[in-house]
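Chemist: Dropping a structure here in structure tokens format, bear with me for questions.
The values are calculated or read from the model by the stated rules, or taken from the named source; none is laboratory data. Bear in mind that the values here come from a model prediction, so they are computed numbers and not experimental data. Methodologically, a virtual Cβ is constructed for each residue, glycine included, from the backbone with ideal geometry; neighbour enumeration extends over all protein chains shown. All accessible areas refer to the heavy atoms of the entire protein, side chains included, with ligands and DNA or RNA removed. Shrake-Rupley method; radii C 1.70, N 1.55, O 1.52, S 1.80 Å.
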Amino acid sequence: MKIERVVLREIRLDLLERFEISSGGSQDRRILLLTMEGEGEVGWGECVAGEDPGYSYETTETAWHILTEFLLPFVVGTEVEDPSDVLLATPWVRGHRMAKAGVEMTAWDLAAKIQGVPLATLIGGTRDRVVVGVSVGLQPTDDDLFRKVEGYLEEGYRKVKIKIKPGRDVEMLSGLRQRLPEAELMADANAAYSLADLDRLLELDGLRLMMIEQPLAHDDYLDHAALQAQMETPICLDESIRSVGDVALALELGSCRIINIKPGRVGGFASSRAIHDLCGTHDVPVWCGGMLESGIGRAHNVALASLPGFTLPGDISESRRYWKEDIVAPEFTMKDGMMPVPTAPGIGVQPKLDQIAALTVRQETFERP
Ligand code: OSB
Ligand code: MG
């Protein structure tokens, strides 16, 4: 397909409530959206970089810089056979996988629309609905947390992920476990601990958590392996996994037993599929994480979660869990803890153009006549 025109936009979209993790918080999201035009169709995508460099070194601002200066000028005008080849024009750009993923995933939506097939089908999805969970940020009190979690379980979410940090961990979670003995709970530390906290981390073992996500530093595979060797609860890596190579390293060392795949973090769908396939050969379950995406990024995540190895509930919640009004129609909803995979071509939901235009704070167009 020929890529004739690419538009990069930054929109502001306010979360209904502040989302707090160990490294900081987020409320007024600065989201980058991309459109890619070719052969009479328009592909849509989203870059998942956050406002601050707490989760990753990439931010909305660095992604804007990399996209406008080093990626999009070279992508536009190219002819690509396969969407995963869309960045072959700039193979020398190191890192910045969130910026790259935004481009790659937009190209996949364009390709799916040109072929008239759902994005999920094009990337190898096999399910018509995906099991979903919800991620709950740090709350002011344990009572607030309990009420939130209880509400989400009543809505039908199949897994509730709870953010923890030193001082808000063992006591908080054991209290919650006592009040919700049967709930499918997990914890996410966003790299807030070190092996100096070993005793505290091992206390989590009695709480029947499905897993603990990223307890230690983003770049510390050895310490995660040392922790996993002593811990019964499976460790799931998030920040540590940027590529299939990172997964190979983590599995070889025994750093984790579960992988969180966020396509926007690992460079896109080709990389996600490679991770999915490698985990499959090791019997390692995977699930699709989230980055507080708008309906555009959510659509990409739902498509990925329809691949066969995604056996655990994703951090893919209903539109109304995040936004007063999502930017796609129809909004994402679930039934019995399952979210349907859209069946229309591409991402299968319609971006609401007027609303997106009203939310846009800057925009740059790349064109080749
Ligand atoms: O660690 O999974 C994480 C959001 C922003 C940054 C990091 C994380 C998260 C979430 C949100 O947990 C998941 C979602 O999109 O619902
Ligand atoms: Mg995480």
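Chemist: Of all the helices (runs of 4 or more DSSP H) wholly in region 263-369, which have at least 2 residues that are among the hydroxyl-bearing types (Ser, Thr, Tyr) and either under 18 Å from the mean Cα position of the chain (by Cα) or surrounded by fewer than 18 Cβ atoms within 10 Å (Cβ to Cβ) (or both)?
Modeler: Working: elements: 263-266, 269-281, 295-305, 319-322, 353-359.
Hits in region 263-369: 269-281, 319-322.
Chemist: Of the numbered conditions (1) open to solvent by 50 Å² or more (accessible area, probe 1.4 Å); (2) under 23 Å from residue 182 (Cβ atoms), residue 140 satisfies every one except a single condition; which is it?
Modeler: For residue 140, the failing item is (2).
Chemist: Within region 93-105, identify whether any single residue is open to solvent by 50 Å² or more (accessible area, probe 1.4 Å) and either over 12 Å from residue 268 (Cβ atoms) or of a type in the set (Val, Ile, Thr) (or both), and answer yes or no. Talk me through it step by step, then tell me what you get.
Modeler: The initial filter retains those residues of region 93-105 that are open to solvent by 50 Å² or more (accessible area, probe 1.4 Å), namely 94, 97.
Checking the rest, the ones that are also either over 12 Å from residue 268 (Cβ atoms) or of a type in the set (Val, Ile, Thr) (or both) come to 94.
Yes, the conditions are met somewhere in region 93-105.
Chemist: From (1) within 21 Å of residue 240 (Cβ to Cβ); (2) among the small types (Gly, Ala, Ser); (3) at pLDDT below 95, pick out the condition that doesn't hold for residue 25.
Modeler: (1)
Chemist: Out of (1) surrounded by fewer than 22 Cβ atoms within 10 Å (Cβ to Cβ); (2) part of a loop (DSSP other than H, G, I, E, B), what's the single condition that is false for residue 12?
Modeler: (2)
Chemist: Please specify each residue of region 15-55 satisfying the condition of being open to solvent by 10 Å² or more (accessible area, probe 1.4 Å), away from ligand 1 (no atom under 16 Å from the Cβ) and on the phi < 0 side of the Ramachandran plot.
Modeler: 37, 41, 42, 44
Chemist: Please tell me if residue 73 is open to solvent by less than 40 Å² (accessible area, probe 1.4 Å) and modelled with pLDDT of 95 or more.
Modeler: Working: open to solvent by less than 40 Å² (accessible area, probe 1.4 Å): yes; modelled with pLDDT of 95 or more: yes.
Criteria met by residue 73.
Chemist: Within region 60-67, can one find any residue that is of a type in the set (Ser, Thr, Tyr) and away from ligand 1 (no atom under 16 Å from the Cβ)? Break it down stepwise before answering.
Modeler: Here is the first cut: in region 60-67, the ones of a type in the set (Ser, Thr, Tyr) are 60, 62.
Next, from what is left, pick out any that are away from ligand 1 (no atom under 16 Å from the Cβ): none.
There is no residue in region 60-67 that is of a type in the set (Ser, Thr, Tyr) and away from ligand 1 (no atom under 16 Å from the Cβ).
Chemist: Open to solvent by 30 Å² or more (accessible area, probe 1.4 Å), within 16 Å of ligand 2 (Cβ to nearest atom) and at pLDDT 95 or above: is that true of residue 168 in this structure?
Modeler: On the way: open to solvent by 30 Å² or more (accessible area, probe 1.4 Å): yes; within 16 Å of ligand 2 (Cβ to nearest atom): yes; at pLDDT 95 or above: yes.
Answer is yes for this residue.
Chemist: From the list 89, 112, which one is of a type in the set (A, V, I, L, M), over 23 Å from residue 27 (Cα atoms), open to solvent by less than 40 Å² (accessible area, probe 1.4 Å) and in contact (Cβ under 8 Å) with a residue 12 or more places away in the chain?
Modeler: Of the residues listed, the single one that is of a type in the set (A, V, I, L, M), over 23 Å from residue 27 (Cα atoms), open to solvent by less than 40 Å² (accessible area, probe 1.4 Å) and in contact (Cβ under 8 Å) with a residue 12 or more places away in the chain is 112.
Chemist: Conditions: (1) open to solvent by less than 60 Å² (accessible area, probe 1.4 Å); (2) assigned to a loop (DSSP other than H, G, I, E, B); (3) without any contact (Cβ under 8 Å) to a residue 12 or more places away in the chain; (4) not β-branched (Val, Ile, Thr). Residue 182 meets all but one. Number of the miss?
Modeler: (1)
Chemist: Within region 227-251, restricting attention to residues that are open to solvent by less than 40 Å² (accessible area, probe 1.4 Å) and aliphatic (A, V, I, L, M), which residue is nearest to residue 100 (Cα to Cα)?
Modeler: Looking only at region 227-251, we keep the residues that are open to solvent by less than 40 Å² (accessible area, probe 1.4 Å), and these are 227-228, 231, 233-241, 243, 246-247, 250-251.
From the residues that got through so far, the ones that are aliphatic (A, V, I, L, M) too are 227, 231, 235, 237, 241, 247, 250-251.
Numbers: 227: 32, 231: 35, 235: 27, 237: 21, 241: 15, 247: 19, 250: 23, 251: 25 Å.
For region 227-251, the residue satisfying everything is 241.
Chemist: Okay, moving on. Would you mind telling me which numbered condition in (1) without any contact (Cβ under 8 Å) to a residue 40 or more places away in the chain; (2) buried (at least 16 other Cβ atoms within 10 Å of the Cβ) residue 60 fails?
Modeler: For residue 60, the failing item is (1).
Chemist: For region 204-217, name all the residues that are part of a loop (DSSP other than H, G, I, E, B) and either away from ligand 1 (no atom under 15 Å from the Cβ) or buried (at least 17 other Cβ atoms within 10 Å of the Cβ) (or both). Show your work before the answer.
Modeler: Going through region 204-217, the residues part of a loop (DSSP other than H, G, I, E, B) turn out to be 208-211, 214-217.
Residues satisfying the conditions are 208, 209, 210, 211, 214, 215, 216.
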